Amino acid sequence: MTVYAKTRSRLAAVVVRRDTKAGVAFDYAVQFLVLMALAVFSIGTLPDLDPADRRWLEMAETAILAVFTFEYALRIWVSENRWGYVFSFFGIVDLVAILPVFWFARGTTDLVFVRSFRLLRLLLIIKAVQSSEAVFRLKQAWWQIRDELMLYGAASVIVLFTAAAGIHHFEHKAQPEAFKSVFHSLWWAITTLASVEYGDVYPITTGGKIFTFFVAVTGLGVVAVPTALLASALTKTKRPEGP
């Protein structure tokens, strides 16, 4: 084995594998940096922050994102299937989370866009749980019930459209501003099916109220069915404890 191959193999044991002391330490270090990045992000939103302190926060942010950029490149280098990692879920999360580094390097002056772009750092929350055993089981559970969830998702879209079309039929004449079209009625359909009900738009006709009752009852299943499917799959994937 060449020096190149040995170095790559040793780094893979640290960066990719989680059954070694070095790998566990690396994961904890990444999670610590994620928490630091989120703390810097949160402190930076304080309105009365001293300019000098804000500069220190920006320097800390740049340093942390630079480390994550190096980590992203390192993960690509040690991966057996490099393109597989790049286009995987966590590979995309890793890339998107460090995109502000490349944008800042361009020296943009569009501060509004930069501030919006910095919200991508919130994806670091996902990165923090990347190495969690629970996430591994969750991925397995999702893979087991993916067909059922896809079918249920398609059915939910049909129910959502039916709810929007139905409430538009009952309420359009009584509330033309709130229910201008089926598309405007989608907001009501989403909040009702999700059992949120903000109360900003609601039916006032008898037909609309009766229709809302059936939509609300249907909404219980919209939340309960996928939750039950996922809970059942997680139970099956949970590793048995003890001998």
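Just so it is clear, none of the values below were taken in a lab; they were calculated from the coordinates. Computed from a predicted model, the values in this text were never measured in an experiment. When we count neighbours, we look across all protein chains shown, and the Cβ atoms used for this are built from the backbone with ideal geometry, even at glycine.
Each label point is 7 Å from the Cα along the Cα-to-Cβ direction; what then is the distance between the points at residue 198 and residue 32, in nm? About 4.2 nm separates the two model spin labels. Put a dot 7 Å past the Cα of residue 49, heading toward its Cβ, do the same for residue 155, and the two dots end up 4.8 nm apart.
Listed peptides 224-231, 65-72 appear in the order 65-72, 224-231 once ranked by packing, highest mean of other Cβ atoms within 10 Å at the front. Highest mean first, the peptides 160-167, 32-39, 50-57 sorted by other C-beta atoms within 10 Å per residue fall in the order 160-167, 32-39, 50-57.
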